[in-house]
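Single-structure report; data block below.
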Amino acid sequence: MTLDCAIIGGGPAGLTAGLYTTRGGLENVTMYEKGMPGGQITQSSEIENYPGVTGDITGMDLMKPWPEQCQKFGLKHDMVEVTRVSKEGDVFSIYRGDGNVDQAHSVIVCTGSSPRRAGFKGEDQFFGKGVSTCATCDGFFYKGKEVAVIGGGDTALEEALYLAKICTKVYLVHRRDSFRAAPNTVKRVEATQNIELVLNAVPDEVYGDAMGVTGLRVKFSDTSTREIEVPGVFTFVGNDVNNQVLIQEDGSFLCELNNQGQVIIDLSMKTSVAGLFAAGDMRIEAPKQVVCAAGDGAVAALSAISYVDALLN
Ligand code: FAD
Ligand code: NAP
């Protein structure tokens, strides 16, 4: 059976695309998710800018009802990684990590992005043993202890605020003396007593022993260094686009991307390939917000419905 629509990725964009395609009348729609549905926001300790949702709520809380809502309208969830999407004639092939291949009339790619590694010595060696990219997941291990946070964006500052509630002290290490995070978040960080700003500094090395991390050495722009004795280092230095499913056997991409690897789309979320749509953080000029990813997913779904209608009728 050829699917009406295959949705790759089960974050806010994919789940919303799933809701709108099924509720909008497409019969056979499968959403493929390699991890847990919900996407990156499930790693966030708080979300306060999703419209209509007030009070203290974690990303996990926000996303919990989304899969069930889509399933009610017939969305099939397949918990498997997709390795490649290709197209021959009017039919897309969805290559699955378990070796099977599904076929679909349309595809919405919503694979989002993944945390980037900062690239300092010891980062890979101690990843998962003191170096983390998720405060909600790992912050509790450092209750009553000191930690370092690397980065100057919204994620780093918001997660530093979260960790400051659990840990005795947070060293916020940033390579410049001004932050790219929202001004209100910067103000909150500056007003938090147990956050020490370590500015104009880059991580040089994380070191430790068989038990895990014992410290972080940072290097300042004047080349001086400082040892920060902490058992935990959280890095929030941006994200890379997950565009791997679009890579073809010959190494080319299925559709057009910009030089940052983001999928080029129009206002209907159409890519350069008919029947292929992209939504959420992986597209050009994505505002990287849950509400925007969800909006993209809805637009892509409506476009996919029109495309499949025209193709089959
Ligand atoms: P993602 O959420 O990245 O979801 C993509 C999904 O695709 C993932 O579940 C992934 O497992 C899956 N996937 C990837 N590749 C494959 C594959 N090959 N096969 C199958 N599945 C695959 N936004 C806000 O609006 N407010 C906030 O307060 C906020 N806080 C944030 C805090 C943190 C710590 C982080 C990391 C992000 C935050 N964001 C916030 C940004 C927000 O999470 C993203 O903009 C949003 O999740 C993007 O949704 P998406 O569906 O495009 O992608
Ligand atoms: P980001 O905005 O790209 O910030 C990455 C930070 O890491 C920057 O401060 C950067 O420094 C620093 N950095 C990058 N590489 C580094 C390296 N190798 N070593 C040391 N520092 C390094 O990433 P983000 O904070 O994850 O945010 C991603 C997107 O999601 C943004 O659009 C953001 O607005 C959005 N987001 C929004 C919310 C919210 O709305 N509440 C919350 C989280 C994320 P420079 O500043 O010097 O470049």
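The values are calculated or read from the model by the stated rules, or taken from the named source; none is laboratory data. Worth saying up front: this structure is predicted, and the values here are computed from it rather than measured. Backbone-built Cβ (ideal geometry, glycine too); neighbour counts: all protein chains shown. Side chains included, ligands, DNA and RNA excluded: accessible areas come from the protein's heavy atoms. Shrake-Rupley method; radii C 1.70, N 1.55, O 1.52, S 1.80 Å.
Based on what the data block shows, is Glu159 within 18 Å of Val131 (Cα to Cα), part of a helix (DSSP H, G or I) and not assigned by TED's automatic domain parsing to the domain that holds Ile47?
Numbers: within 18 Å of Val131 (Cα to Cα): yes; part of a helix (DSSP H, G or I): yes; not assigned by TED's automatic domain parsing to the domain that holds Ile47: yes.
The answer is yes for Glu159.
The residues of the stretch 52-69 that are modelled with pLDDT under 95, open to solvent by less than 40 Å² (accessible area, probe 1.4 Å) and closer than 30 Å to Gly97 by Cα amount to a single one, Gly59. Scanning the stretch 141-170 for residues that are within 12 Å of ligand 1 (Cβ to nearest atom), open to solvent by 40 Å² or more (accessible area, probe 1.4 Å) and among the acidic types (Asp, Glu) returns Asp154, Glu158. Looking for something in contact with a strand residue (DSSP E or B) (Cβ under 8 Å, 6 or more places away or on another chain), in contact (Cβ under 8 Å) with a residue 60 or more places away in the chain, more than 28 Å from Leu311 (Cα to Cα) and not hydroxyl-bearing (Ser, Thr, Tyr) - is there at least one such residue anywhere in the stretch 38-56? Checking the stretch 38-56: at least one residue is in contact with a strand residue (DSSP E or B) (Cβ under 8 Å, 6 or more places away or on another chain), in contact (Cβ under 8 Å) with a residue 60 or more places away in the chain, more than 28 Å from Leu311 (Cα to Cα) and not hydroxyl-bearing (Ser, Thr, Tyr).
Only residues that are among the hydrophobic types (A, V, I, L, M, F, W, C) and surrounded by 15 or more Cβ atoms within 10 Å (Cβ to Cβ): list them for the stretch 92-113, please. Give the derivation first.
Looking only at the stretch 92-113, we keep the residues that are among the hydrophobic types (A, V, I, L, M, F, W, C), and these are 92, 94, 101, 104, 107-110.
Once the filter is applied, which keeps residues that are among the hydrophobic types (A, V, I, L, M, F, W, C) and surrounded by 15 or more Cβ atoms within 10 Å (Cβ to Cβ), the stretch 92-113 yields Phe92, Ile94, Ala104, Val107, Ile108, Val109, Cys110.
Among the residues of the stretch 193-209, those identified as among the charged types (D, E, K, R) and either over 12 Å from Val149 (Cα atoms) or modelled with pLDDT under 95 (or both) are Asp204, Glu205, Asp209. Under the condition of being assigned to a strand (DSSP E or B) and open to solvent by 50 Å² or more (accessible area, probe 1.4 Å), which residue from the stretch 224-236 is farthest from Lys143 (Cα to Cα)? Only one residue tops the list, namely Thr225. Within the stretch 38-51, work out how many residues are over 12 Å from the mean Cα position of the chain (by Cα), more than 10 Å from ligand 2 (Cβ to nearest atom) and buried (at least 19 other Cβ atoms within 10 Å of the Cβ). Of the residues in that region, 1 qualify. Every condition in (1) within 16 Å of ligand 2 (Cβ to nearest atom); (2) farther than 25 Å from Thr223 by Cα holds for Asp177 except the one numbered (2). Restricting the stretch 176-204 to residues that are open to solvent by 40 Å² or more (accessible area, probe 1.4 Å) and in contact (Cβ under 8 Å) with a residue 40 or more places away in the chain leaves a set whose member that is nearest to Phe236 (Cα to Cα) is Val202. Taking the stretch 239-260 on its own, how many of its residues are within 13 Å of ligand 1 (Cβ to nearest atom), out of contact with any Pro (no Cβ under 9 Å at 6 or more places or on another chain) and modelled with pLDDT under 95? Qualifying residue count for the region: 0. Taking the stretch 237-290 as the range and being open to solvent by 50 Å² or more (accessible area, probe 1.4 Å) and either charged (D, E, K, R) or part of a strand (DSSP E or B) (or both) as the test, the residues that pass are Asn239, Asp240, Ile247, Glu249, Asp250, Phe253, Glu256, Asp266, Lys270, Glu285, Lys288.
Every condition in (1) under 22 Å from the mean Cα position of the chain (by Cα); (2) more than 16 Å from ligand 1 (Cβ to nearest atom); (3) on the phi < 0 side of the Ramachandran plot holds for Arg117 except the one numbered (2). All of Asp124, Asp177 fail the test of being modelled with pLDDT under 95 and either part of a loop (DSSP other than H, G, I, E, B) or touching a strand residue (DSSP E or B) at 6+ places or on another chain (Cβ under 8 Å) (or both), apart from Asp124.
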